[in-house]
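What follows draws every value from the coordinates through simple rules; no lab data is involved. Keep in mind that this is a model prediction, so the values were computed, not measured. Reconstructed Cβ throughout: ideal geometry from the backbone, glycine too, with neighbour counts over all protein chains shown.
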Amino acid sequence: MKTVKDLSPLRALISDARAQSKSIGFVPTMGALHEGHLSLVRLARKECGFTVVSIFINPLQFAPGEDFDRYPRHEADDAAMLESAGADVLYIPDAKEFYPPDFSTAIEVGGVSEGQEGAARSGHFRGVATVVAKLFLRVQPDAAFLGRKDLQQVAVIRRMTRDLDFPIRIEVGPIVREPDGLALSSRNSYLSVDERRTASALSRALFAARSRAAAGTVESRELERETRELLERAGLAVDYAEVVDPETMRRMDRAAAGTALAAAVRVGKIRLIDNVLIPEER
Ligand code: AMP
């Protein structure tokens, strides 16, 4: 695996791969890698001849007062993990080069980015769309691999890709979880032992809701109320628990097959998100 910080060696490596008729798979990340990220690298490797992973803690997507300064940074461990997962290139752009001081362009994806995370984190999806658009133009992959853990992020990037005609296939990998169900996240390292224990109630409540919906379509209002109660009883503060159409992120009245139940909770000062897809009725 080659690690590059500059754009010209990145472009040279990618054009070499293209000259060998290899398709390019791309996995954008913010580092502090875990099995969730690595599962996307493996998916990319399965589908593409050449896999590029980026690590860039994008300042634009952190709302004021969020954890940009203390976001975990584990570059050496990350590189070792990517090497053994079989990535071909690790791209770590330099923030000053990536965003020169007079950088003044932003990509705003309307509608789909406005509820849920967008409502709670001002400017977040503008930052996400802008960085991903720039990375897409730098890497020019055939396919980009994203995790369903960030359900709304997938919807925003899909919409941007379609609206702006990026010739890139968006592929989505399943949520990788701890044995007790907690979705892996670089931010889980912020949890104290007690908070970590409490946090497992999030996936438990979502799984319970999914089972209930699978047994017969239910009113979203009812499912959301039950989920909220389970979460609150476990000591989690609920930001939202909403049945949505995963493509538009619009709230749906009925938790039918193909919808998703997405939730954000706070345990202490830490905010966690998770979601489940509502399956066909059994
Ligand atoms: P991040 O480094 O948090 O920006 O995440 C980079 C990519 O990894 C995004 O597409 C995330 O959705 C994905 N990801 C993060 N956590 C998980 C997880 N537990 N399972 C699957 N994908 C994940």
Contact list, first residue from the stretch 176-194 and under 12 Å from Arg148 (Cα atoms), second anywhere and within 9 Å of the ligand (Cβ to nearest atom) and part of a helix (DSSP H, G or I), beta-carbon distance below 6 Å, six or more apart or interchain, is Val176/Glu35; Val176/Gly36; Val176/Ser39; Leu184/Glu35; Leu184/Gly36
Restricting attention to the stretch 128-147, the residues that are touching a strand residue (DSSP E or B) at 6+ places or on another chain (Cβ under 9 Å) and hydrophobic (A, V, I, L, M, F, W, C) number exactly 9
Subset of the stretch 87-113, residues part of a loop (DSSP other than H, G, I, E, B) and surrounded by 14 or more Cβ atoms within 10 Å (Cβ to Cβ), comes to Ala87, Asp88, Ile92, Pro93, Tyr99, Ile107, Val109, Val112, Ser113
Is there a residue being more than 19 Å from Glu97 (Cβ to Cβ), part of a helix (DSSP H, G or I) and without any contact (Cβ under 8 Å) to a residue 24 or more places away in the chain anywhere in the stretch 1-10?
no
Of (1) more than 15 Å from the chain's Cα centre (by Cα); (2) closer than 22 Å to Thr105 by Cβ, Arg169 fails just (2)
Counting only residues that are touching a residue at least 60 places away in the same chain (Cβ under 8 Å) and either within 18 Å of the chain's Cα centre (by Cα) or crowded, with 23+ Cβ neighbours inside 10 Å (or both), the stretch 243-266 contains a total of 10
If we ask which residues in the stretch 67-86 are assigned to a loop (DSSP other than H, G, I, E, B), under 13 Å from Leu33 (Cα atoms) and not aromatic (Phe, Trp, Tyr), their number turns out to be 3
**Asked** On the given criteria, is Glu178 within 11 Å of the ligand (Cβ to nearest atom), over 25 Å from Arg250 (Cβ atoms) and under 17 Å from the mean Cα position of the chain (by Cα)?
**Response** yes
(1) away from the ligand (no atom under 15 Å from the Cβ); (2) assigned to a loop (DSSP other than H, G, I, E, B); (3) free of Cβ contacts under 8 Å to residues at least 24 places away in the same chain all hold for Pro64 apart from (3)
Checked the stretch 49-60 for anything over 15 Å from the mean Cα position of the chain (by Cα) and under 16 Å from Leu135 (Cβ atoms); matches are Phe50, Thr51, Val52, Pro59, Leu60
Just one listed residue, out of Ala241, Ala183, Ala214, Ala208, is in contact with a strand residue (DSSP E or B) (Cβ under 8 Å, 6 or more places away or on another chain), over 20 Å from Gly36 (Cα atoms) and not acidic (Asp, Glu), and it is Ala241
Test: residue in the stretch 116-125 that is within 14 Å of the ligand (Cβ to nearest atom), outside any helix (DSSP H, G or I) and either closer than 16 Å to Pro59 by Cα or out of contact with any His (no Cβ under 8 Å at 6 or more places or on another chain) (or both): yes
Counting only residues in the stretch 17-40 that are aliphatic (A, V, I, L, M), part of a helix (DSSP H, G or I) and surrounded by fewer than 23 Cβ atoms within 10 Å (Cβ to Cβ), the one farthest from the ligand (Cβ to nearest atom) is identified as Ala19
Within the stretch 158-176, restricting to residues that are out of contact with any Asp or Glu (no Cβ under 9 Å at 6 or more places or on another chain) and under 20 Å from Ala263 (Cα atoms), the one that is surrounded by the most Cβ atoms within 10 Å (Cβ to Cβ) is Gly173
Considering the stretch 181-190, residues that are closer than 24 Å to Asp78 by Cβ and in contact with a helix residue (DSSP H, G or I) (Cβ under 6 Å, 6 or more places away or on another chain), and then whichever is farthest from the ligand (Cβ to nearest atom), we arrive at Leu182
Checked the stretch 41-61 for anything outside any helix (DSSP H, G or I) and in contact (Cβ under 8 Å) with a residue 40 or more places away in the chain; matches are Cys48, Val52, Ser54, Phe56, Asn58
